[in-house]
Amino acid sequence: MALISGSVLISDGGLATELQARGHDLSDALWSARLLADDPREIVAVHAGYYRAGATIATTASYQASFEGFASRGIDRNGAAGLLRRSVDLAKTARDEVGAAGLLVAASVGPYGAALADGSEYRGRYGLSVAALRRWHRPRLEVLVDSGADVLACETVPDIDEAEALVDLVASVGAPAWLSYTIDGARTRAGQPLAEAFAVAAGVPEIVAVGVNCCAPEDVLPAIGMASTIGKPVIVYPNSGESWDGRGWVGPSRFSADLARQWVEAGARVVGGCCRVGPADIAALATALPPNV
């Protein structure tokens, strides 16, 4: 699949935490998706900032967007579908404004737990069957497929059941996607062995990359080895390494361009950041990881 070839691609950093750094209060069940309705130009600005910093891929503000979440704000299904499509259009607008060649838009397909807005995406095991998770994800995924994104980002997936549901859906609609788990050490957040988790995507051509995100930087290197065994490109975009204590981010950032070089040397083909990784960090990656690295 041409989207992810032999060259190293750089994905963006954290969208929501960068919006917060720009002064937005995202203490809302919709999180960054609230700004799809309330301040879409700010989303464009953040996407453009990451592109200008050197990111090849912008990931849309649809991570925590759901029909149920929008309904709680009085937005009907047609309106919600329009906001999901807007998430992709905003990233495309940023791409057009920057005007560089080869830039991609990834439509974020966040986990079911993100829509619950209670931290469930870091626990998994929702008590839903694979079939129920497929039913929940399908309407949103179909809208995002039709929006014209270059790839779907099935990201921050906490357990194998949800991965199976997403992989089945991606295969059924024939859209390119990556599958990225949030992990704790060598296991999913739900406690399953990571090697088994990656195996869910083996033999599914629509899954163009597998990897990890929204995890500690030190968990990335071992995960690359496990992800590589299924023969697909590996994508990694961890958090900064700071911790959320319920009131704010604490501790030092452990994300660095030097670590990213190690990830590429170990086999990662797409590298970026998640929470608390900002444009300056992505710019450092772009300098340290030229396209022919």
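Residues being assigned to a loop (DSSP other than H, G, I, E, B) and β-branched (Val, Ile, Thr) are entirely absent from segment 105-115.
In segment 83-94, the condition of being in contact (Cβ under 8 Å) with a residue 24 or more places away in the chain and not in a helix (DSSP H, G or I) is met by no residue. Remark: Gly110 falls outside the filter, which requires a residue to be open to solvent by less than 30 Å² (accessible area, probe 1.4 Å), under 21 Å from the mean Cα position of the chain (by Cα) and on the phi > 0 side of the Ramachandran plot. Whether any residue in segment 125-133 is closer than 24 Å to Ala48 by Cβ and touching a residue at least 12 places away in the same chain (Cβ under 8 Å) is what I want to check. Checked segment 125-133: no residue is closer than 24 Å to Ala48 by Cβ and touching a residue at least 12 places away in the same chain (Cβ under 8 Å). Scanning segment 18-69 for residues that are within 12 Å of Ser87 (Cα to Cα), open to solvent by 10 Å² or more (accessible area, probe 1.4 Å) and not acidic (Asp, Glu) gives Arg34, Ala37, Pro40, Arg41, Thr59, Tyr63, Gln64.
Restricted to helices (runs of 4 or more DSSP H) entirely inside segment 1-82, those with at least 3 residues that are under 30 Å from Arg261 (Cβ atoms) and in contact with a Pro (Cβ under 7 Å, 6 or more places away or on another chain) are 40-53. Looking only at segment 240-273, how many residues end up being open to solvent by 20 Å² or more (accessible area, probe 1.4 Å), under 22 Å from Ala195 (Cβ atoms) and not in a helix (DSSP H, G or I)? Here the count works out to 2.
Could you check how many residues of segment 187-211 are touching a Pro at 6+ places or on another chain (Cβ under 7 Å) and either of a type in the set (A, V, I, L, M, F, W, C) or under 19 Å from Val271 (Cα atoms) (or both)? Of the residues in that region, 3 qualify. Which residues, counting only those in segment 136-163, are farther than 14 Å from Val109 by Cα and charged (D, E, K, R)? Within segment 136-163, Asp159, Asp161 qualify. Please determine whether any residue of segment 17-31 is in contact (Cβ under 8 Å) with a residue 40 or more places away in the chain, under 20 Å from Leu152 (Cβ atoms), of a type in the set (D, E, K, R) and touching a helix residue (DSSP H, G or I) at 6+ places or on another chain (Cβ under 6 Å). No - not one qualifying residue is present in segment 17-31.
The values are calculated or read from the model by the stated rules, or taken from the named source; none is laboratory data. The structure presented is a predicted model; accordingly, all values stated were derived computationally and were not measured. When we count neighbours, we look across all protein chains shown, and the Cβ atoms used for this are built from the backbone with ideal geometry, even at glycine. Ligands, DNA and RNA are stripped out before the accessible areas are found, and what is left, the full protein with its side chains, is counted by its heavy atoms. Shrake-Rupley method; radii C 1.70, N 1.55, O 1.52, S 1.80 Å.
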